[in-house]
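See structure below.
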Amino acid sequence: MRNIKIVLEYDGTNFYGWQVQPKKRTVQGVLESALEKFLCKKTKVTAAGRTDTGVHAHGQVVNFSPEGNYDEETIKNAINAHLPDDVFVKETEEVQNAFHSRFDALSRVYIYRILKNYSVFKRAFSWYYGYDLDISRMNEGCQLLLGQKDFTSFTVTKSKKENMCMDINRCQFRETEDEIIFEIEADRFLHKCVRIIIGTFVLLGRKKLEVVDIQKILLAKDRRRAGSTAPPNGLFLKEVKY
């Protein structure tokens, strides 16, 4: 059986996240529907990660095992022909049978966009926060997140059995004329972690928190100590590294 890896982008605005749910429009659901129309057979896909309702992707990675000898370009074009306008396959590649899009990933990269000035045309893909933010303070706080740490305070997961550690390789805020863009790379991400980091760091940028408070929040291992969860529309899965 062949193993096909695809990279796709999607606008998450009108999706209830990645994973298939009964009577809900999901990215996995429309992708598997497109594959069924192309291959005339139900085909399950595996993704590198699950994005939540309203979250977007520039580079979600998926693999699946189709029947037939279609070449990579034909597979890409055929899937796209059956996908809605808010999902698009960018790349297609045949890989080794052992390849697994989730378990073989070395790291994931997310970005979060904060809009500095409100725009009707950008509101679906960024968060208009409405306050001036001190980027230097926020980047100073980023240094406290680097390395392997327990991020219990930055997730909504309630299971005591789950591993709450993440190993963050890099994270930084940068400023453009219109936006503040946060980029973070880690081996894995806990549920809603990036959005809770953003909700906490905007308080740091407004001087409602001190830099040392970030360390205190981490050590507390208590979700109530961190900020609110930022909205999903500013979050993008940028890429998955192997």
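Computed from the coordinates by the stated procedures, all read-outs in this text should not be read as laboratory data. The structure presented is a predicted model; accordingly, all values stated were derived computationally and were not measured. We place every Cβ from the backbone using ideal geometry, glycine too, and count neighbours over all the protein chains shown.
What size of dipole, in debye to the nearest 20, comes out for the chain about its Cα centre when the only charges are +1 on Lys and Arg C-beta atoms and -1 on Asp and Glu C-beta atoms?
Values: 38 positive and 32 negative charges, 253 e Å.
Charge dipole of the chain: 1220 debye, to the nearest 20.
Between helix 193-205 and the chain, what is the angle of the helix's C-alpha long axis to the longest principal axis, kept within 0 to 90° and rounded to the nearest 10?
30
Between Gln143 and Lys207, how many nm apart are label points set 7 Å from Cα along the C-beta direction?
The modelled label-to-label distance comes out at 2.0 nm.
What number, in percent, do you get for the relative contact order of the chain if the mean sequence gap of Cα pairs under 8 Å and at least 6 apart is divided by its residue count?
Relative contact order comes out at 25 percent.
In the chain, if the dipole is taken from +1 on Lys/Arg beta carbons and -1 on Asp/Glu beta carbons about the Cα centre, which of Trp127, Pro231, Thr92 is farthest to the positive end?
Pro231
Taking a 24 Å limit on the Cα-Cα distance, which of the listed pairs Lys90/Lys241; Lys149/Lys192; Lys192/Lys241; Lys5/Lys149; Lys42/Lys192 fall beyond it?
Values: Lys90/Lys241 16 Å; Lys149/Lys192 16 Å; Lys192/Lys241 20 Å; Lys5/Lys149 31 Å; Lys42/Lys192 31 Å.
Where the Cα-Cα span goes over 24 Å, the pairs concerned are Lys5/Lys149; Lys42/Lys192.
Over the range 81-201, what is the mean sequence separation of C-alpha contacts under 8 Å (at least six apart), divided by residue count, expressed as relative contact order in percent?
On the way: 155 pairs, mean separation 35.4, N = 121.
For the range 81-201, the relative contact order is 29 percent.
Size of the dipole of the range 179-235 about the Cα centre, Lys and Arg at +1 and Asp and Glu at -1 on the beta carbon, nothing else charged, in debye to 20?
Its charge dipole is roughly 380 debye.
Return one quarter of the surface area of the convex hull spanned by the alpha-carbon atoms of the range 180-239, equal to its mean projected area, in nm².
Values: hull surface 18.4 nm².
Computing the convex hull of the Cα atoms and averaging its projections yields 4.6 nm².
Give me the percent relative contact order of the range 3-95, please, defined on Cα pairs under 8 angstrom at least 6 residues apart. Mind showing how you got there, number by number?
On the way: 183 pairs, mean separation 40.7, N = 93.
Dividing the mean separation by the residue count of the range 3-95 yields 44 percent.
Name the long-range amide H neighbours of Thr157: under 5 Å, sequence gap of 5 or more, or other chain; modelled H, no Pro or chain starts.
His191
Where nothing but the Cβ of Lys and Arg (+1) and of Asp and Glu (-1) is charged, how large is the charge dipole of the range 78-181 around its Cα centre, in debye to the nearest 20?
460
Going by the alpha-carbon gyration tensor, a ≥ b ≥ c the square roots of its eigenvalues, is the chain rounded (a/c under 1.5) or, if a/c is not under 1.5, prolate (a/b greater than b/c) versus oblate?
In terms of gyration-tensor shape, prolate.
For the chain, what does the helix formula give at 222 nm: sum of -39500 (n - 2.57) over DSSP H segments with n ≥ 4, over the residue count, nearest 500 deg cm²/dmol?
Calculated from helices alone, the mean residue ellipticity at 222 nm is -7000 deg cm²/dmol.
Arrange Cys171, Cys40, Cys165 by Cβ neighbour counts within 10 Å, fewest through most, would you? Intermediate values should be presented prior to the final figure.
Numbers: Cys171 22, Cys40 10, Cys165 13.
Listed from fewest to most nearby Cβ atoms, that is Cys40, Cys165, Cys171.
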